[in-house]
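The values are calculated or read from the model by the stated rules, or taken from the named source; none is laboratory data. Keep in mind that this is a model prediction, so the values were computed, not measured. Cβ atoms come from the backbone with ideal geometry, glycine included; neighbour counts cover every protein chain shown.
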Amino acid sequence: MLLRHPAHPGRGVRLAYSQNVHPAASVAELHANLRAITVPLRERLDARGDFGVGLYLAAPVAEELEARPAALAELRALLSEHALDPFTYNAFPYAGFGAAGLKASVFDPPWSARERVEYTARVARLACALARSPGASREREPRADGHLSISTHTGAHSSRVDAAVAAAIPRGFAQALVELGRLEREAGRRVVRALEPEPRANVNDLAALAAWRGAALPTLGRELAARHLGACIDACHAAVEFEEPERALSDALRGGAPLGKLQYTSALALREPARHPAGREQLFALDEPRYLHQVTARGAHGLARAGDLGEARAAFERGEPAWCDAQEWRCHFHVPTDLDSGGADGLRTTRAHAESLLAAAVGAPERWGTAELHLEIETYTWSILPRAARGDGELVDGLEREYRHVLGCLGRLGWTA
């Protein structure tokens, strides 16, 4: 779905949702998900022209597609049949996304490993192949200033980084950049690999990303990095680390880095946690075995950080002042973009932060470093959300509500489909 603004000719916002909300373990399952969820969603929204999809190709799926030309041709045909536009990809999780016990293993393999480099390069090759689907509308024809985006993590979880891994991560990025440069020369498509900081990763936030990128540039190669290595701003992650929207955008773009993607989603926020026991207990009850739910507290003692909800609960129960006296906690638990209240007293979402970040980004297209802003709704926690947070209906109902909310935000800012 492509949106334009009369004051910004030649610029566009492409909207999609990340399909890691229904991860596929095989090509057959990928087809089934597209037919059962993506196509009906397109019809509900009465989308005109192409309908964007944020493809998640787990490593086994990507390997099958590249190894079997017939499978790739069948996927191209399905995308073309329903005018689905795979302009952005999520290559953060390697495989097994959503499995019990995943937690910090979602970062494996790290960027110091050959498997991570090869996986991301394979996704980039498939992105270029799928971008030229037979029968594509004019809107999807390659443009000299267009790009494809692939989000990935910044290297590894901080708990798994030693000196050797830290030194090898930039080399892994550099190898992948060489492949992206080759693809642009041969396939005519610019692919921007968008680095996504996450709380407690080796790069914790967007300010740290700017510093890391500056230090790594000699290894990465300045020209290739300027063209193919950008930032992915995850609105949930930025909110958890209390990064103010304008500062977050500036840090993401520091040094001329392109804005590869903005992942639009909200975190949970608990105001004055010591005074809201019901909200506190509701938040602690969300601790579960699949995903990391990092928590950051802000108050008179500055910022305090926990690697997961259980760690935050333990710190509070020990009476640590940074947690007990905090003005606010924010938790990395992706919740629907249209949700404002978290339920219990004091528990809210960071929807206002996400909306401010979106307004800052779409208000300054000249800063993107690309002709288009890739905007991706990412609420991958749907299957583990309490019913009150998910809302009525099934996944396609929730996605429709999220799309209508985001389209409303964009419309108020002057961007229309």
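If you check every pair at least six apart or on different chains, which have Cβ atoms under 8 Å apart with a residue in segment 280-302 that is closer than 16 Å to Cys236 by Cα and modelled with pLDDT of 95 or more first and a residue that is among the β-branched types (Val, Ile, Thr) and buried (at least 22 other Cβ atoms within 10 Å of the Cβ) second?
Filtered contacts from segment 280-302: Tyr291/Thr381; Gln294/Val240; Val295/Val240; Thr296/Val240.
When you scan segment 80-88, do you find a residue that is among the hydroxyl-bearing types (Ser, Thr, Tyr) and in contact with a helix residue (DSSP H, G or I) (Cβ under 7 Å, 6 or more places away or on another chain), even just one?
No: segment 80-88 contains no residue that is among the hydroxyl-bearing types (Ser, Thr, Tyr) and in contact with a helix residue (DSSP H, G or I) (Cβ under 7 Å, 6 or more places away or on another chain).
For (1) crowded, with 16+ Cβ neighbours inside 10 Å; (2) among the hydroxyl-bearing types (Ser, Thr, Tyr), each residue gets a yes or a no:
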position	(1), (2)
Arg4	no, no
Leu15	yes, no
Ser26	no, yes
Asn33	yes, no
Thr38	yes, yes
Glu43	no, no
Leu55	yes, no
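Quick check, is Ala201 more than 22 Å from Leu375 (Cα to Cα), without any contact (Cβ under 8 Å) to a residue 40 or more places away in the chain and of a type in the set (A, V, I, L, M, F, W, C)? Let's see the steps before the verdict.
Values: more than 22 Å from Leu375 (Cα to Cα): yes; without any contact (Cβ under 8 Å) to a residue 40 or more places away in the chain: no; of a type in the set (A, V, I, L, M, F, W, C): yes.
It is false that Ala201 is more than 22 Å from Leu375 (Cα to Cα), without any contact (Cβ under 8 Å) to a residue 40 or more places away in the chain and of a type in the set (A, V, I, L, M, F, W, C).
For segment 241-285, name all the residues that are among the aliphatic types (A, V, I, L, M), part of a loop (DSSP other than H, G, I, E, B) and surrounded by 18 or more Cβ atoms within 10 Å (Cβ to Cβ).
Step one: filter segment 241-285 for residues among the aliphatic types (A, V, I, L, M), giving 248-249, 252-253, 257, 259, 262, 267-270, 274, 278, 283, 285.
Still in the running and part of a loop (DSSP other than H, G, I, E, B): 257, 285.
Ala257, the sole residue that qualifies.
For segment 287-406, which helices (runs of 4 or more DSSP H) that fit wholly inside it have 2 or more residues that are under 18 Å from the mean Cα position of the chain (by Cα) and surrounded by fewer than 23 Cβ atoms within 10 Å (Cβ to Cβ)?
Answer list for segment 287-406: 351-362.
Given the conditions (1) in a helix (DSSP H, G or I); (2) over 20 Å from the mean Cα position of the chain (by Cα), and given that Ile37 satisfies all but one, which numbered condition is not satisfied?
Of (1) in a helix (DSSP H, G or I); (2) over 20 Å from the mean Cα position of the chain (by Cα), only one is false for Ile37: (2).
Search segment 407-417 for residues being part of a loop (DSSP other than H, G, I, E, B) and modelled with pLDDT of 95 or more, and hand back the single one that is surrounded by the fewest Cβ atoms within 10 Å (Cβ to Cβ).
So, considering only residues that are part of a loop (DSSP other than H, G, I, E, B) and modelled with pLDDT of 95 or more, the one surrounded by the fewest Cβ atoms within 10 Å (Cβ to Cβ) is Gly414.
Give the residue, chosen from Glu400, Glu317, that is at pLDDT 95 or above and closer than 29 Å to Pro273 by Cα. If you could, list the steps in order and put the result at the bottom.
Numbers: Glu400 fails: closer than 29 Å to Pro273 by Cα.
Just a single option satisfies the conditions, and that option is Glu317.
Please go through segment 207-261 and pick out each residue that is β-branched (Val, Ile, Thr) and either farther than 23 Å from Ala174 by Cβ or in contact with a strand residue (DSSP E or B) (Cβ under 7 Å, 6 or more places away or on another chain) (or both). Even if it seems obvious, please write down each step before you answer.
Our first condition is that a residue be β-branched (Val, Ile, Thr); within segment 207-261, this holds for 219, 233, 240.
Across segment 207-261, the qualifying residues are Ile233, Val240.
Inspect segment 252-273 for any residue being of a type in the set (D, E, K, R), out of contact with any helix residue (DSSP H, G or I) (no Cβ under 6 Å at 6 or more places or on another chain), more than 28 Å from Gly54 (Cα to Cα) and in contact (Cβ under 8 Å) with a residue 12 or more places away in the chain and give the result as yes or no.
Scanning segment 252-273, I find at least one residue that is of a type in the set (D, E, K, R), out of contact with any helix residue (DSSP H, G or I) (no Cβ under 6 Å at 6 or more places or on another chain), more than 28 Å from Gly54 (Cα to Cα) and in contact (Cβ under 8 Å) with a residue 12 or more places away in the chain, so the answer is yes.
Residues are listed down the side, and each one gets a yes or a no for (1) under 22 Å from Ala194 (Cα atoms); (2) surrounded by fewer than 18 Cβ atoms within 10 Å (Cβ to Cβ):
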site: Ala77; (1), (2): no, yes
site: Phe87; (1), (2): yes, no
site: Arg114; (1), (2): yes, yes
site: Ala127; (1), (2): yes, no
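Based on what the data block shows, is Ala163 in contact with a Phe, Trp or Tyr (Cβ under 7 Å, 6 or more places away or on another chain), small (Gly, Ala, Ser) and modelled with pLDDT of 95 or more?
No.
Under 16 Å from Leu84 (Cα atoms) and touching a Leu at 6+ places or on another chain (Cβ under 6 Å): is that true of Leu2 in this structure?
Numbers: under 16 Å from Leu84 (Cα atoms): yes; touching a Leu at 6+ places or on another chain (Cβ under 6 Å): no.
When the stated conditions are applied, Leu2 does not pass them.
Residues in segment 67-103 that are over 24 Å from the mean Cα position of the chain (by Cα) and in a helix (DSSP H, G or I): how many?
11
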